[in-house]
Amino acid sequence: MIRNLVVILMITAVSLTSDAGHWLVDSITTEGHIGYNIGGTAPIGMPATIRHLDKYELTPSLRVGVSVTKRLSSRWGLRAGLQFENKGMKTDARVKNYKMEMVKGGEVLGGVFTGNVVTRTGLWMFTIPIQATCKLSHKVSLRAGVYGSYLTGRFFDGWAYDGYLRVDDPTGLKVQLGHDAGERGDYDFNSNLRHWQWGVGAGVDWYFHRRLGLYGELNWGMSGAFKSDFKTIEQTMHPIYGSIGLTYRLH
């Protein structure tokens, strides 16, 4: 009798384990993504010292990754992923009394600048997003959550030109800056960028085919791009980027 009871318990346990395994696999969706990031590393709100954005150029800012979604109910789920991406921009802005530190003729100068400033940014990173998902229909779902990124490569540099720098403060020595290399003031804040970033994001997925779809997403960097002890740029610079691309359902 004991032997029969043990056999029954073993069969029941195997059956339950098998059912749980099928339930776990059937409730998980795996997807691959490829897209393009569009945005910039900028302060929240245009400060008075930045008078006009003369030019904004797109840069190669690709994004590839995979994600896994665990369905918690018919509508709700939890999604985690891993992606490698680049976030970059190039801008040319007209500024007045803009706090700067630059190199001109081998000399480091700091103060407030009036003229034009070119800024180039490139951030390469691995990102892990964790998001809640809400399925609106068979084809459309929404998602929102947080992300963390580790930068494997980074630069934030440029030059100031066609203007003048007041050394130290608005009443300091006036240094004229020209247009061409050697006449302008160059700056390089690469070493002041953070290795780690975090932020919040939200997106939408639309499947126009059983396995193939489109996605759109907005990510907002909350930690700022620079280290907390970096004071040359007075405003906190936030990486704010949208992403559009293709999604392929692997499972």
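The values are calculated or read from the model by the stated rules, or taken from the named source; none is laboratory data. All of these numbers come straight from a predicted model, not from anything done at the bench. All Cβ positions, even for glycine, are placed from backbone atoms using ideal geometry, and neighbour counts span all protein chains on display. For accessibility, only protein heavy atoms count, side chains too; no ligands or nucleic acids. Shrake-Rupley method; radii C 1.70, N 1.55, O 1.52, S 1.80 Å.
What whole-number distance in Å separates the alpha-carbon centres of region 199-248 and region 121-177?
Taking the Cα centre of each part, region 199-248 and region 121-177 sit 10 Å apart.
Which value, in Å², gives the accessible area per residue of region 78-168 when a 1.4 Å probe is used on the protein heavy atoms?
42
Order the following by accessible area, largest value first: Trp124, Trp206, Trp159, Trp196. Probe radius 1.4 Å; ligands, DNA and RNA are ignored. Present the calculation step by step, with values, prior to reporting the outcome.
Working: Trp124 90, Trp206 115, Trp159 45, Trp196 175 Å².
Per-residue accessible area, sorted high to low, gives Trp196, Trp206, Trp124, Trp159.
If we count every other residue with Cβ under 13 angstrom of Gly88's Cβ, Lys/Arg +1 and Asp/Glu -1, where does the sum land?
The answer is +2.
Whole-Hz Karplus ³J(HN,Hα) for region 241-246, in order, using 6.51 cos²θ - 1.76 cosθ + 1.60 and θ = phi - 60°, x for Gly and Pro?
Working through the residues one at a time gives 9, x, 9, 10, x, 9 Hz.
Of the listed pairs Lys55/Lys135; Lys55/Lys227; Lys55/Lys87; Lys87/Lys227, which have alpha-carbon separations greater than 29 Å here?
Lys55/Lys135
For q = 0.16, 0.17 Å⁻¹, what log10 I(q)/I(0) does the chain give under the Debye formula with an equal point scatterer on each alpha carbon and no solvent?
-1.09, -1.18
Run the Debye formula on the Cα coordinates of region 112-184, all scatterers equal and no solvent, and tell me log10 I(q)/I(0) at q = 0.11, 0.14, 0.18, 0.19 1/Å.
Values, matching the q order: -0.58, -0.68, -0.81, -0.84.
Highest first, please rank the peptides 98-107, 216-225, 44-53 by the mean number of other Cβ atoms sitting within 10 Å of their residues.
216-225, 98-107, 44-53
Would you mind getting me the FRET efficiency between Ile28 and His195? Use the beta-carbon distance for r and R0 = 25 Å, nearest 0.05.
Values: r = 32 Å, r/R0 = 1.27.
The computed FRET efficiency comes out at 0.20.
What percentage of the solvent-accessible surface of region 61-154, computed with a 1.4 Å probe over protein heavy atoms, is contributed by carbon and sulfur atoms? Working shown, then result.
Details: 2730 of 4370 Å².
Roughly 62 percent of what the probe reaches on region 61-154 is carbon or sulfur.
With every protein chain present, what accessible area does Asp229 have (1.4 Å probe, heavy atoms only), rounded to the nearest 10 Å²?
Roughly 120 Å² of Asp229 is accessible to a 1.4 Å probe.
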